[in-house]
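Working notes, beginning with the structure itself.
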Amino acid sequence: MNIEEATSVYPFLKRGLKDKFDQRTSLQSFLEINRSELIDSIDHLTKIMNGEEATFSTDPDRRVIDYVITKIVLTYIRDYFISARYAIRERNALYENFEKEKDPKILRLVSQELSVEIDRQEDKYLISIPSFLKNAVVFNDKELKLCNQELMDGKVVASKHVLAKVIREAFYRKYMLDVNEVVEFPAEVDELLKPYVSEVVSKGREIRQERANLGPLNERAFPPCLAEIIDQMKKGANVSHAGRFFLVTFLHRIGLPNDEIFKYFGDVPDFAEKITKYQIEHITGTGRGREYSVPSCQTLGSLGLCYKERDPLCSSGKISHPLGFYRTRNLSNRPVGKPGSVNRVDKSGNSQK
Ligand code: SF4
C-alpha cells in the first residue's frame, strides 16, 4: 500500500493530506468548492447524533474529504458531546483497519502519527510504558492492564491486537483534543458554516438537556444494585440476563454511548462480542429494538437484584428508582461553590461544561 492508498484508509495521516490538498487554498475556498460534501458531512453527523446507521464513504478521495470537512465542522462547533459521538465511529473504523493491516511501514506510520513509538520484534511490538499507560485507560479491559503485559527493558511487549487497541485509544484522545481546541474562524467561514451546523448543534443540545438533570457521569454515584453487578462482572461472575439488562439501560440513560457500555462487559466469562453488541443495540434502541426503560427498585427487588441495606439512602425508603438514587447522589456531590452547570467527565478524565 502506498501513502496515497493509506491515506484513504487512515484519513488522519498528515503526509497523505499534504499531498492531497493544495496548501495555498484558503479555508473558505476549500469549503465553497466542497459545499455538497459539507452538506453530506453535516447530514452524516446528524445521523450519528440520532443514532441512525451512518457509514463512511467507500470512495478513497471522498473518504478523505469527508474526514477533513467533518473535522473542520467539529472544531467550529466545539461541542464535546457531538465530537465524542463522531470520534468513536472514526476510532472503531481505525481499529478494524489496523487489526487487518499487514504492511509494517503503514503500522509504523500510523503509530508515529498518533505519537505511539513502536519497535518491531518478530511478531510483537515494543511500546514504551508511558506511551502504553497514556493510551490504555479503558475500563474493564484486561488486555490493556499493565499487570497483564510482558515487559522488556522498560517497554511493553505487545501483540498486534493489543497495539491496535492502544492505537485506537491514542486516536480518540488526540482527535478529541484537536477538535476541542479554541480556534478563531475568519468571519467569512463563520458565515458560511453557521447555517449548516444549526441542526446538529440543536440535536446535541436536545440530547444533553434530556440528560442534564442526571448530572455528570460519575461511577461513585452508582446505586448499590448497579455497583454489585459491575463488581460481579469484574470478578468474572456470570451475571444474570436481568442484571445485564439493567446495567445497559442504566448506562444508556445516563448518556454513555454503546461502545462505552460495551466495555463494561469485557470480563464476562461467556463473552461473545457480537452477541453482546447486538444485545446492547437492541436494548438501547439503536438496533431494530425499542429503547427500554431502566427497571424500578420494585422490579429489581423482585428479581433479587436490590441491595438497599448497603446504603442509607436506599434503606431510608426514599428511593423508588435507581436513577433517582444516581441523581440525588451525583448532584449532591457537586463541588461547593459551583452551583448550576455540571461537568460531564469522560473516561480519560476530560470534562465538558
Ligand atoms: S433501593 Fe433501588 S437503587 Fe437502592 S439498591 Fe435497591 S434497587 Fe438499587
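Distance between the C-alpha centres of region 149-197 and region 103-139: 14 Å, rounded to the whole angstrom. In the chain, helical runs assigned H by DSSP with n ≥ 4 each contribute -39500 (n - 2.57); averaged across all residues and rounded to the nearest 500, the mean residue ellipticity at 222 nm is -17500 deg cm²/dmol.
Using the structure shown, list the pairs from 263/308; 18/134; 203/277; 71/203 with a Cα-Cα distance above 23 Å, or answer none. Among 263/308; 18/134; 203/277; 71/203, the Cα-Cα distance tops 23 Å for 263/308; 18/134; 203/277. Summarising the amide proton neighbourhood of residue 158: residues at separation of 5 or more, or on other chains, whose placed amide H is nearer than 5 Å comprise 125, 126, 127.
When peptides 80-88, 273-281 are ranked by their average number of other Cβ atoms within 10 Å per residue, the highest-first order is 80-88, 273-281.
Taking 90, 169, 206 as the candidate residues, the one with maximal mean-square fluctuation in a Gaussian network model of the chain, Cα springs under 10 Å, is 206. The residues packed around residue 325, meaning those with a beta-carbon under 10 Å from its beta-carbon, carry a net charge of +3 if Lys and Arg are +1 and Asp and Glu are -1. In the chain, which helices (entire DSSP H runs) extend 20 Å or more along their own long axis, judged by Cα positions, while averaging at least -1.0 on the Kyte-Doolittle scale? Going by DSSP H runs, the hits are 35-49, 60-77, 80-100, 160-179, 187-212.
This ranking places 160, 124, 142, 235 by how few other beta-carbon atoms lie within 10 Å of each, fewest first, which gives 235, 142, 160, 124.
Quick note: the coordinates plus some simple rules give every number you see, no bench work behind them. Nothing here was measured: the structure is a model prediction, and the numbers come from that model. Positions of Cβ are backbone-derived with ideal geometry, glycine not excepted, and every protein chain shown enters the neighbour counts.
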